[in-house]
Amino acid sequence: MNSQKHSRSLFEEISKLTTEQRNPNSMKIDLSPTSEILKIINQEDKLVPFAVEKELPYIEQAVEIIVDAFKHGGRLLYFGAGTSGRLGVVDASECPPTFGTPYGMIEGFIAGGKAAMFRAQEGAEDKEENGAKEVVAAKVNSKDVVCGIAASRRTPYVVGAVKKAKQLGAKTLYITTNPRQDFDIKEVDVAICPYVGPEVVMGSTRMKSGTAQKLVLNMLTTASMIRLGKVYGNMMIDLQMTNKKLVERSIKIVMTITGLSYDEAAVALEDAKGHVKTALVMILAKVDYKEAKLRLKKADGFVRRAIENNI
């Protein structure tokens, strides 16, 4: 036995969770050939998008809260443990290069800190005060949105973070893959509960639960960024040219939208100081850099409005 103390009440609480039940479709997976193992996993994975679909009304509510926060200088902060925490950190870290968001506008916090991204920090998630302390350290205030991510919904670190955030006046969201009727955390403004059922391997919530959480996080940030004018058509136009791939993608976006040649698009981006949105307004509205920046500011960053100048 390890040094952790036993807890009959915790055992009973966890045993009731859907994410800790045995899946009847994979009872004999240990006897199956590789092809059958993969089929079973694949069949279960197909259930995930439908579970997320049922939560779209709640995801919509969450997006509206996030967009409003961003417009008033607030932040979106994720708090999770294990797989859930890693997914939050990944989603947050991908927003600056993809959508040009300033670092700190969207952040991910994981129980156990940075080390937990690469190696499990056992026990770090077991105390509500750990999450609460991180919320305080992050200087969460009434402008912010704090989103807890926990497949089980009960992870103390996450619950503590959400409770403290609510006390500080922040809006609160929660993503769990246990049924909505079992949700009992009163400090949450919007709960998102894609019910994916028991995992192929009992309790392995990095599987269907993790996939569902990833889909929801994609929706939250992508939809919010679209609402903030960071997409033109279905192209990301506020990306940062921080590596060679993104430089070439920026050139392609300018070429696709404006019809310019490769060389012309590259020059236009140089004239726009590497900012795709500014380059598009300069080209399509036939204005200089200063005027393009002014139009974008008046249009709240929306390229179409800046081009039309109907502000």
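The values are calculated or read from the model by the stated rules, or taken from the named source; none is laboratory data. Quick caveat, the model's predicted, so the values are computed rather than measured. Quick reminder, even Gly has a Cβ in these numbers, built from the backbone with ideal geometry, and neighbours come from all protein chains shown.
Pick from segment 87-129 the residues that are over 19 Å from residue 71 (Cβ atoms) and either of a type in the set (S, T, N, Q) or touching a Cys at 6+ places or on another chain (Cβ under 8 Å) (or both): which of them is surrounded by the fewest Cβ atoms within 10 Å (Cβ to Cβ)?
Across segment 87-129, the extreme among qualifying residues is 93.
Limited to segment 152-184, what total is found for residues that are out of contact with any strand residue (DSSP E or B) (no Cβ under 6 Å at 6 or more places or on another chain) and part of a loop (DSSP other than H, G, I, E, B)?
Taking segment 152-184 as the starting set, the residues that turn out to be out of contact with any strand residue (DSSP E or B) (no Cβ under 6 Å at 6 or more places or on another chain) are 152-157, 159-160, 163-164, 167-169, 176-182, 184.
Pick out the ones that are also part of a loop (DSSP other than H, G, I, E, B) and you get 152-155, 168-169, 176-179, 184.
Going through segment 152-184 one residue at a time, the tally reaches 11.
Name the one entry in 16, 28 that is outside the structural domain of residue 101 (by TED's automatic domain parsing) and farther than 24 Å from residue 152 by Cβ.
Just one listed residue meets the conditions, 28.
What are the residues in segment 177-192 that are buried (at least 22 other Cβ atoms within 10 Å of the Cβ) and closer than 13 Å to residue 152 by Cβ, if any?
Those that are buried (at least 22 other Cβ atoms within 10 Å of the Cβ) and closer than 13 Å to residue 152 by Cβ: 177, 178.
Out of 273, 290, 286, 298, report the one residue that is closer than 24 Å to residue 227 by Cβ and either out of contact with any His (no Cβ under 8 Å at 6 or more places or on another chain) or free of Cβ contacts under 8 Å to residues at least 12 places away in the same chain (or both).
298
Each row is one residue, and each column tells you yes or no for (1) surrounded by 18 or more Cβ atoms within 10 Å (Cβ to Cβ); (2) more than 30 Å from residue 46 (Cα to Cα); (3) among the acidic types (Asp, Glu); (4) assigned by TED's automatic domain parsing to the domain that holds residue 58.
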{"residue": "213", "(1), (2), (3), (4)": "yes, no, no, yes"}
{"residue": "218", "(1), (2), (3), (4)": "no, no, no, yes"}
{"residue": "247", "(1), (2), (3), (4)": "no, yes, no, no"}
{"residue": "256", "(1), (2), (3), (4)": "no, yes, no, no"}
{"residue": "267", "(1), (2), (3), (4)": "no, yes, no, no"}
{"residue": "273", "(1), (2), (3), (4)": "no, yes, no, no"}
{"residue": "277", "(1), (2), (3), (4)": "yes, yes, no, no"}
{"residue": "285", "(1), (2), (3), (4)": "no, yes, no, no"}
